[in-house]
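> Have a look at this one before I ask anything.
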Amino acid sequence: MTDTSPLQADIKKLIKTSGPMPVWRYMQLCLTHPEHGYYVSRDPLGREGDFVTSPEVSQMFGELLGLWAASVWRAMGSPATLRLIELGPGRGTMMADALRALRVIPPMYQSLSVHLVEINEVLREKQLATLSGVRNIQWHATLDEVPPGPSIILANEYFDVLPVHQMVKRNDGWHERVVELDNNGQLAFGVAAQPVQRFETLLPPLVRAAPVGAIFEWRPDAEMMNIATRIRDQGGAALIIDYGHVRSDAGDTFQAIARHSFADPLKFPGEADVTAHVDFQALARAAEDVNARVHGPVTQGEFLQRLGIEARAASLMTKATPEVSENISAALKRLTEGGRGGMGSMFKVIGISDPRLTELVALSDQEPPDGAKAP
């Protein structure tokens, strides 16, 4: 990584000509700038990339999500056609593992058309290679491009990269947090000169009493409402897995990750992954506002344990070498436990369904889906 980045010069020029830009706009440029955006032209995943997602940790993750999808399909009445949609599908690993699990249920497998919502051409090529044997698969730039019909939508680490607004509390009200140029011409955080009128009336209860200097993050509801409206109108369910908090509260979670380590989010725009934690209470509220049904959230660890991940790990280990068994055990701990390096507590899972689906497996007190404990 160099001392600067191609996008940094463009952003500085924009600030010089148009003034400080809101954090959401800076984040948007860092991730999706048509030429220098982080998610436009590279593969950020894996040991050689900047971060590792749950599907890359173990095949068990995608397999269990496939079995979860099968339980939803049955609850829907086993429709003859089903759109299996993934938002931000990475290298296609999760979908490949899910489909492998679903092959043991021929009626469902035959009903599927697979739809991947992806803007990154590099990742599209890798998804094509990973899923080369899959029939009836299509790629789309947005969810709106997916043909209508009963759907199951999977979104793992999708919402955390959607641009986030940051507001800073001052004595005279809440001001938008911005990216500006300091006295040395370097990118720095600041606040807009004028407060946003009556913003406090929109705040969740926990945030209203926040002290001066507090930061509150929020994302527009449009993306969640779009998903929930599709599910409400056309049937099915969505499963959203991401890192974040279950209650809306104040706090600064805007961060950058490069080479598996935290980095300064202002230092290398376009060359590091910039994210912010997901507010699951806000997601639930947006879905309920369009009359979809909300299930959860629960922690990822609890969700996977309810689906039978421990039994699946034990089954895999009976056929594995000692070295592979050790890797499976380590993956199980990473996916389900908390603490340093663990994903089980930080990551949360929420389900959104057609109102007619009163329960979703593993998001309520139910047994694991059929096959979750199978070898």
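The values are calculated or read from the model by the stated rules, or taken from the named source; none is laboratory data. Predicted model only: the values in this text are computed from it and were never measured. Positions of Cβ are backbone-derived with ideal geometry, glycine not excepted, and every protein chain shown enters the neighbour counts.
> Please find, among Ala228, Ala238, the residue that is assigned to a strand (DSSP E or B), modelled with pLDDT of 95 or more, touching a strand residue (DSSP E or B) at 6+ places or on another chain (Cβ under 6 Å) and among the small types (Gly, Ala, Ser).
Details: Ala228 fails: assigned to a strand (DSSP E or B).
Result: Ala238 is the single residue among Ala228, Ala238 that is assigned to a strand (DSSP E or B), modelled with pLDDT of 95 or more, touching a strand residue (DSSP E or B) at 6+ places or on another chain (Cβ under 6 Å) and among the small types (Gly, Ala, Ser).
> Considering only residues that are modelled with pLDDT under 95 and hydrophobic (A, V, I, L, M, F, W, C), which ones fall in segment 241-266?
Across segment 241-266, the qualifying residues are Ala256, Ile257, Ala258, Phe262, Ala263.
> Here's another thing I want to ask about it. So which residues in segment 134-169 are surrounded by fewer than 19 Cβ atoms within 10 Å (Cβ to Cβ) and of a type in the set (Gly, Ala, Ser)?
Within segment 134-169, Ala141, Gly149 meet the criteria.
One line per residue, one yes/no per condition, for (1) assigned to a loop (DSSP other than H, G, I, E, B); (2) buried (at least 23 other Cβ atoms within 10 Å of the Cβ); (3) not basic (Lys, Arg):
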residue: Leu64; (1), (2), (3): no, yes, yes
residue: Leu84; (1), (2), (3): no, yes, yes
residue: Ala98; (1), (2), (3): no, yes, yes
residue: Gln110; (1), (2), (3): no, no, yes
residue: Lys126; (1), (2), (3): no, no, no
residue: Ser132; (1), (2), (3): yes, no, yes
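> In segment 275-322, what residues are charged (D, E, K, R) and either crowded, with 22+ Cβ neighbours inside 10 Å or modelled with pLDDT of 95 or more (or both)?
If the condition is that a residue be charged (D, E, K, R) and either crowded, with 22+ Cβ neighbours inside 10 Å or modelled with pLDDT of 95 or more (or both), then Asp279, Arg285, Glu288, Asp289, Arg293, Glu302, Arg306, Glu310, Arg312 are the ones that fit.
> Determine, yes or no, whether Gly308 is farther than 25 Å from Met225 by Cβ, free of Cβ contacts under 8 Å to residues at least 12 places away in the same chain and not charged (D, E, K, R).
no
> OK, next. Inside segment 187-209, can you point out the residues that are part of a loop (DSSP other than H, G, I, E, B) and either polar (S, T, N, Q) or surrounded by fewer than 17 Cβ atoms within 10 Å (Cβ to Cβ) (or both)? Spell out how you get there, then give the answer.
Filtering segment 187-209 for residues part of a loop (DSSP other than H, G, I, E, B) gives 192-198, 203-204, 209.
Of everything in segment 187-209, those that are part of a loop (DSSP other than H, G, I, E, B) and either polar (S, T, N, Q) or surrounded by fewer than 17 Cβ atoms within 10 Å (Cβ to Cβ) (or both) turn out to be Ala193, Gln194, Val196, Gln197, Arg198, Pro204, Ala209.
> Then there's this: Which ones in segment 338-361 are over 22 Å from Asp279 (Cβ atoms) and modelled with pLDDT of 95 or more? Break it down into steps so the answer makes sense when it comes.
Looking only at segment 338-361, we keep the residues that are over 22 Å from Asp279 (Cβ atoms), and these are 339-341, 354-359, 361.
Selection gives Asp354, Pro355, Arg356, Leu357, Thr358, Glu359, Val361.
> Now a separate question. Have a look at Pro220, Pro211, Pro205, Pro195 and point out the one that is modelled with pLDDT of 95 or more and either aromatic (Phe, Trp, Tyr) or within 30 Å of Asp354 (Cα to Cα) (or both).
Numbers: Pro211 fails: either aromatic (Phe, Trp, Tyr) or within 30 Å of Asp354 (Cα to Cα) (or both); Pro205 fails: modelled with pLDDT of 95 or more; Pro195 fails: either aromatic (Phe, Trp, Tyr) or within 30 Å of Asp354 (Cα to Cα) (or both).
Exactly one residue qualifies, and that residue is Pro220.
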